[in-house]
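This is the structure I have questions about; it appears just below.
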Ligand code: NAD
Ligand code: IPM
Ligand code: K
Ligand code: MN
């Protein structure tokens, strides 16, 4: 049996609730599959840590994280700390410096969950997309500044930085991800009509990289028109790639169209394998439901399944995905999906389903 050491950073809001649900499920999976063992170490970086120590993470944050095979993350952000402080203090202090440049966000309508599109007259097919988000540069470069603070003539800049190296590596990742899927279809999203520098470079690099993937059908969309296509012609899309900010926005839209933000997973990958990759739900701290025990744990459980797949446990990942789908089909759903189950009930149902699936093999 293979063994993995994973660091969990539950952090803020519903983060601890959904991360502990995912850990419970993963340990059950390890128990029934018998093909791997896994140990979770918890690091309590987050807003409570910040209030005590004046910083969100320890100074040797990268060195600490590199001791593990993977990172399971919850959410950071609290009502009483400005979001740019908390996010740059913790999550964005990891994604960029660890060069987790590919943020992969699969979006699927599960059986049993109600897609926002399912009952439209267009006969919209179910959604099955792979959103690939550039995760280290662009609008999130952190460059910019403010001058004449507090004056009527104050100027603030937010500089989007796009590099050839940064675009080329995410484009190559997206083309090969598209190639590995049955439809072999990639849509490159930009805004190269109004943004005449970085976005034009994105278009040029897409064309260049496409020549190495002759079997991938690809097209280009402007991000505004893309929102319409996602709603009206969801079946025309498969793999989607775009900038850090554009895909941040479109992945929330995609999650809502597929059913709920509560089921949307993400992998923050270092495809070179030099650094541990980070897995987390797409959603945030969800202040409105924190502490109520009603958060949907599926997004984090699915993220943990992606983590197992990334670590090489493809069979265990498939078993877990099957268990999640069966539980959804059976109607054990949290309120965001129209159900009445709470976090613990969904978690327990998935664990019970794993026992059933395990005893059949
Ligand atoms: P959010 O994702 O926290 O919540 C948006 C809405 O979705 C809320 O109504 C919430 O209740 C609902 N929701 C989210 N996850 C859910 C789940 N698992 N089950 C059921 N409902 C769920 O977004 P927000 O309100 O814009 O952000 C709140 C805080 O979280 C902010 O501080 C923000 O910066 C932070 N945030 C962090 C991350 C992250 O750590 N990766 C991601 C997004 C937002
Ligand atoms: C996400 C979140 C983060 C992002 C925020 C909280 C910084 O919205 O992971 O989608 O914009 O990347
Ligand atoms: K998150
Ligand atoms: Mn987001």
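The values are calculated or read from the model by the stated rules, or taken from the named source; none is laboratory data. What you are looking at is a predicted structure, and each value in this text was computed from that prediction instead of being measured. Here the Cβ positions follow ideal geometry from the backbone for every residue, glycine too, while neighbour counts run over all protein chains shown.
If only one of 274, 317 is in a helix (DSSP H, G or I) and either surrounded by fewer than 20 Cβ atoms within 10 Å (Cβ to Cβ) or more than 16 Å from ligand 4 (Cβ to nearest atom) (or both), which one is it?
Unique residue meeting the criteria: 317.
Cβ contacts < 7 Å: first residue surrounded by 18 or more Cβ atoms within 10 Å (Cβ to Cβ), restricted to segment 109-125; second residue at pLDDT below 60, any location; separation 6+ or different chain. Result?
117/124
Now for a different question. Restricting the search to segment 85-108, which residues are within 18 Å of residue 144 (Cβ to Cβ) and either modelled with pLDDT under 95 or away from ligand 4 (no atom under 14 Å from the Cβ) (or both)?
85, 88, 89, 93, 96
Counting only residues that are within 16 Å of ligand 3 (Cβ to nearest atom) and surrounded by 22 or more Cβ atoms within 10 Å (Cβ to Cβ), how many does segment 240-256 have?
Count: 5.
Further question: Please specify each residue of segment 277-314 satisfying the condition of being in a loop (DSSP other than H, G, I, E, B) and away from ligand 3 (no atom under 12 Å from the Cβ). Steps first, please.
First, pick out the residues of segment 277-314 that are in a loop (DSSP other than H, G, I, E, B): 282-286, 290-297, 312-313.
Matches in segment 277-314: 290, 291, 292, 293, 294, 296, 297, 312, 313.
Next question. Among the residues of segment 351-361, is there at least one that is under 30 Å from residue 224 (Cα atoms), away from ligand 1 (no atom under 11 Å from the Cβ) and assigned to a helix (DSSP H, G or I)?
No, there is no match, as no residue in segment 351-361 is under 30 Å from residue 224 (Cα atoms), away from ligand 1 (no atom under 11 Å from the Cβ) and assigned to a helix (DSSP H, G or I).
For residue 136, only one of the following conditions fails: (1) surrounded by 17 or more Cβ atoms within 10 Å (Cβ to Cβ); (2) outside any loop (DSSP other than H, G, I, E, B); (3) touching a helix residue (DSSP H, G or I) at 6+ places or on another chain (Cβ under 8 Å). What is its number?
Result: residue 136 passes all but (2).
Answer yes if at least one residue in segment 228-248 is assigned by TED's automatic domain parsing to the domain that holds residue 139 and over 24 Å from the mean Cα position of the chain (by Cα), and no otherwise.
So far as segment 228-248 goes, no, none of its residues is assigned by TED's automatic domain parsing to the domain that holds residue 139 and over 24 Å from the mean Cα position of the chain (by Cα).
Restricting attention to segment 47-61, does a residue exist that is at positive phi, at pLDDT below 95 and either surrounded by 22 or more Cβ atoms within 10 Å (Cβ to Cβ) or in the same structural domain as residue 88 (by TED's automatic domain parsing) (or both)?
Looking for residues that are at positive phi, at pLDDT below 95 and either surrounded by 22 or more Cβ atoms within 10 Å (Cβ to Cβ) or in the same structural domain as residue 88 (by TED's automatic domain parsing) (or both), one finds none in segment 47-61, hence no.
Still on this structure, I have one more. Just to check your reading of the model, which residue among 259, 312, 358, 339 is surrounded by fewer than 21 Cβ atoms within 10 Å (Cβ to Cβ) and at positive phi?
312
Another one. Within the group 112, 144, 150, which residue is assigned to a strand (DSSP E or B) and more than 16 Å from the chain's Cα centre (by Cα)?
144
With the requirement that a residue be in contact with a strand residue (DSSP E or B) (Cβ under 6 Å, 6 or more places away or on another chain) and in a helix (DSSP H, G or I), what does segment 158-173 give you?
170, 173
Please tell me if residue 245 is in a helix (DSSP H, G or I), within 16 Å of ligand 1 (Cβ to nearest atom) and modelled with pLDDT of 95 or more.
yes
Across segment 253-271, what is the total count of residues that are under 25 Å from residue 93 (Cβ atoms) and within 16 Å of ligand 4 (Cβ to nearest atom)?
7
Follow-up. Which of the residues belonging to segment 71-85 are buried (at least 22 other Cβ atoms within 10 Å of the Cβ) and under 18 Å from residue 135 (Cα atoms)?
71, 72, 73, 74, 75, 76
Going by the structure shown, is residue 293 at positive phi and more than 21 Å from the chain's Cα centre (by Cα)?
Yes.
Would you say residue 278 is in contact (Cβ under 8 Å) with a residue 60 or more places away in the chain, within 13 Å of ligand 1 (Cβ to nearest atom) and farther than 14 Å from residue 106 by Cα?
Details: in contact (Cβ under 8 Å) with a residue 60 or more places away in the chain: yes; within 13 Å of ligand 1 (Cβ to nearest atom): yes; farther than 14 Å from residue 106 by Cα: yes.
Here the answer is yes, as residue 278 does meet what is asked.
Right, next: For segment 1-23, how many residues are more than 11 Å from ligand 1 (Cβ to nearest atom) and part of a loop (DSSP other than H, G, I, E, B)?
1
Then there is this: If a residue must be crowded, with 24+ Cβ neighbours inside 10 Å, within 16 Å of ligand 4 (Cβ to nearest atom) and farther than 19 Å from residue 345 by Cβ, how many such residues does segment 284-309 contain?
Residues flagged as crowded, with 24+ Cβ neighbours inside 10 Å, within 16 Å of ligand 4 (Cβ to nearest atom) and farther than 19 Å from residue 345 by Cβ within segment 284-309 amount to 1.
Which of the residues spanning segment 281-302 are more than 28 Å from residue 96 (Cβ to Cβ) and within 6 Å of ligand 1 (Cβ to nearest atom)?
Correct list: 288, 289, 296.
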